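*Asks:* If you scroll down you'll find the structure; I have some questions about it.
The values are calculated or read from the model by the stated rules, or taken from the named source; none is laboratory data. Please read these numbers as outputs of a predicted model, since none were measured by experiment. Ideal geometry is used to build each Cβ from the backbone, glycine not excepted, and the neighbour counts take in all protein chains shown. Heads up: the accessible areas ignore ligands, DNA and RNA and are worked out on the full protein's heavy atoms, side chains in. Shrake-Rupley method; radii C 1.70, N 1.55, O 1.52, S 1.80 Å.
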Amino acid sequence: ASTVAAAVPSLSDLFLGLNLGGNVGETSKLMIIIGMVYLIFRRVINPKIPLLFILTTTLVTGFYSGFNFDFMMSHALTGTLFFGATFMATDYSSGALTPEGKTVFAIGAGLLTGFFRIAFTYPGGVGFAILIMNALAPVIDQKLMPKIYGHKKRPAVIYNRQGKN
């Protein structure tokens, strides 16, 4: 069903983390956004990944609900979507490395999260989506690695995570 259950707190309570039980990292979206902005300004994370991840998940739930605003936003503001998009999907060691790969990684994780939440009514799909995309990251990077100028093919060897052949 594409309606919000009466037991779900108001959108403002979900955003601010008021009157909610749960882990600190998933209750206050405002604090997570402050942390995200700090990490973006310090150039620790690429803003493309968390923003595309959250936007894609919200759009998937929006398409499913006929763009019911309350349904979309309740899916965006519940669970670990903001936390996972900010602190887990941006991990250097397991995410995509190429600029195009980061875009595919974030959109793929958002699509999977939306699918898990709708098809399986499972709000914890964020972790599974990130794990699946982490497993696919080397393949994504290999297919999207830029060609070396003057060559017709992409390099056969991808540098490992430490930067060595």
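*Asks:* Which condition does residue 44 not pass, out of (1) within 10 Å of the chain's Cα centre (by Cα); (2) not in a helix (DSSP H, G or I), if it passes all the others?
*Replies:* (1)
Condition check ((1) open to solvent by 70 Å² or more (accessible area, probe 1.4 Å); (2) of a type in the set (Phe, Trp, Tyr); (3) under 25 Å from residue 142 (Cα atoms)) across all residues:
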site	(1), (2), (3)
39	no, no, no
42	yes, no, no
50	no, no, yes
56	no, no, yes
64	yes, yes, no
82	no, yes, no
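*Asks:* Do you know which of the residues in region 95-112 that are open to solvent by less than 30 Å² (accessible area, probe 1.4 Å) and either at pLDDT below 95 or among the aliphatic types (A, V, I, L, M) (or both) is nearest to residue 20 (Cα to Cα)?
*Replies:* That would be 109.
*Asks:* Using the structure shown, decide if residue 85 is among the small types (Gly, Ala, Ser), outside any loop (DSSP other than H, G, I, E, B) and free of Cβ contacts under 8 Å to residues at least 24 places away in the same chain.
*Replies:* no
*Asks:* Which ones in region 47-63 are under 8 Å from the mean Cα position of the chain (by Cα) and closer than 19 Å to residue 92 by Cβ?
*Replies:* 49, 50, 51, 52, 53
*Asks:* Restricting to region 9-37, name every residue that is under 22 Å from the mean Cα position of the chain (by Cα), loosely packed, with under 15 Cβ neighbours inside 10 Å and at pLDDT below 75.
*Replies:* Correct list: 22, 23, 24.
*Asks:* Residues in region 139-154 that are closer than 13 Å to residue 99 by Cα and open to solvent by less than 100 Å² (accessible area, probe 1.4 Å): how many?
*Replies:* Total satisfying the criteria: 6.
*Asks:* Exactly one of these conditions fails for residue 117: (1) modelled with pLDDT of 90 or more; (2) not in a loop (DSSP other than H, G, I, E, B). Give me its number.
*Replies:* (1)
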